[in-house]
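The values are calculated or read from the model by the stated rules, or taken from the named source; none is laboratory data. This is a predicted model, so every value here is computed, not measured. When we count neighbours, we look across all protein chains shown, and the Cβ atoms used for this are built from the backbone with ideal geometry, even at glycine. The accessibility values were calculated without ligands, DNA or RNA, using every heavy atom of the protein model including side chains. Shrake-Rupley method; radii C 1.70, N 1.55, O 1.52, S 1.80 Å.
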Amino acid sequence: MASAFSTIKIIQPLSFTTTTTTRSPEKSLFDPLKTNPNSFLGSTHKLRLLSSKSSPSQNRRSSVSAVSEVVKEKKLKSNSSLPNLLITKEEGLQLYEDMVLGRAFEDMCAQMYYRGKMFGFVHLYNGQEAVSTGFIKLLKKEDSVVSTYRDHVHALSKGVPAREVMSELFGKATGCCRGQGGSMHMFSKEHNLLGGFAFIGEGIPVATGAAFTSKYKREVLKEADCDHVTLAFFGDGTCNNGQFFECLNMAALWKLPIVFVVENNLWAIGMSHLRATSDPEIWKKGPAFGMPGVHVDGMDVLKVREVAKEAIGRARRGEGPTLVECETYRFRGHSLADPDELRNPDEKAHYGARDPIKALKKYMFDNNLVTEVELKAIEKKIDEVIEDSVEFADASPQPPRSQLLENVFADPKGFGIGPDGKYRCEDPKFTQGTAHV
């Protein structure tokens, strides 16, 4: 039987002009109470051709058309009686395990935070797992990921061990940043996780630079096998910041191998996306800079994965960047310090009913890909991984006081070299008064 899920088509540059259309007020975007249950919120179900009228002298680069309805029904091949599934059993189990790992890890983070094991702001990813899994599990180890302050699950999807992520959250020396990064600053050179970033937008230039590095290695240094791709994750609130627009322009201008992934969970802390953005359809900003823009249901890992395949493939083939808007939702408050009283209960219930993990589980059952026993085995394995990560983090040592003197200045011991040519940190008086740290 035909699958309810679909493939993506991103229309490549064409030369044409169009008239501007206005969305009617009664069909408000992102209204969970007025949305067709068979569609995802924000879907326009029409091919959108975005360009501007230009004179021949201005037509040096053709306009780009963007597809908002990127999810179309897959057709069965005439010579096949088998369902045209989007995933194999092995792929389905991998996706399920990664999503369950992310959800269970974040649930444990909440417990540990309220028990006083973690400090500062901790932002959880519950509900958005389809985006991280759908994109990151398609990457090679050499590919790079740049995250935000909501970065724990991105780190896990990229392969950073749960022990290292949990230890970092505990502020322990065994963490992926030796306890100096904490919740919002996960980093792993080994896994090419280039950091979580506390301030919105600041990771996008880093990701653009990483993509430039890949292109430079391939085209200037002639490293023919360097086809590395960078994913830049950020939220809807970031899309009104200058760095976002500057980097879209630069990436398109130089055809950098990068995918800009907007995790539009509809809320920037307590600010509704609709109240803060003149045009809430973020994907349309891509064609304005000469790159494809795609809008996809971010609560469905299979739809996200199909979009990600095409976008990552374009980047790897040297065809340039793509802007992907994943419409998703967080099931918890902005952070664990947020009582989450601003969002409408009906809105939260609507998205809660569209849990991406339950949707994947249903799809695999409906298509006889897995059994309940196999999924239970994965859940048991994940429970053991999470428990082990907590025990490991709790038993790990605190960073030594000498670590405060590292990674501040260029010299390996930190805090610079004095006029006498000696390291300042070797002066007994230098750390006087810090014994309580």
Checklist outcome for this item: Just one listed residue, out of LYS380, LYS361, is surrounded by 12 or more Cβ atoms within 10 Å (Cβ to Cβ) and either over 29 Å from ASP297 (Cβ atoms) or modelled with pLDDT of 95 or more (or both), and it is LYS361
Item to check | Condition met for GLY179 (in the same structural domain as GLY120 (by the TED database) and on the phi > 0 side of the Ramachandran plot) | outcome: yes
Next on the checklist: Quick check on LEU138: is it part of a loop (DSSP other than H, G, I, E, B), over 21 Å from GLU372 (Cβ atoms) and touching an Asp or Glu at 6+ places or on another chain (Cβ under 6 Å)?
Outcome noted: no
Checklist entry - Does SER188 qualify as being hydroxyl-bearing (Ser, Thr, Tyr), under 27 Å from MET112 (Cβ atoms) and crowded, with 24+ Cβ neighbours inside 10 Å? => result no
Checklist entry - Just checking, which of ALA268, ALA210 is buried (at least 23 other Cβ atoms within 10 Å of the Cβ) and either within 17 Å of the chain's Cα centre (by Cα) or touching a residue at least 12 places away in the same chain (Cβ under 8 Å) (or both)? => result ALA210
Next on the checklist: For ALA155, only one of the following conditions fails: (1) open to solvent by less than 10 Å² (accessible area, probe 1.4 Å); (2) in contact (Cβ under 8 Å) with a residue 60 or more places away in the chain; (3) touching a strand residue (DSSP E or B) at 6+ places or on another chain (Cβ under 8 Å). What is its number?
Outcome noted: (2)
Next on the checklist: Six or more apart or on different chains, Cβ atoms under 8 Å: show the pairs whose first residue is in the range 372-385 and in contact (Cβ under 8 Å) with a residue 24 or more places away in the chain and whose second is in a helix (DSSP H, G or I) and of a type in the set (Lys, Arg).
Outcome noted: LEU375/LYS361
Item to check | Where GLY195 falls short, out of the listed (1) touching a helix residue (DSSP H, G or I) at 6+ places or on another chain (Cβ under 7 Å); (2) assigned to a helix (DSSP H, G or I); (3) open to solvent by less than 10 Å² (accessible area, probe 1.4 Å) | outcome: (2)
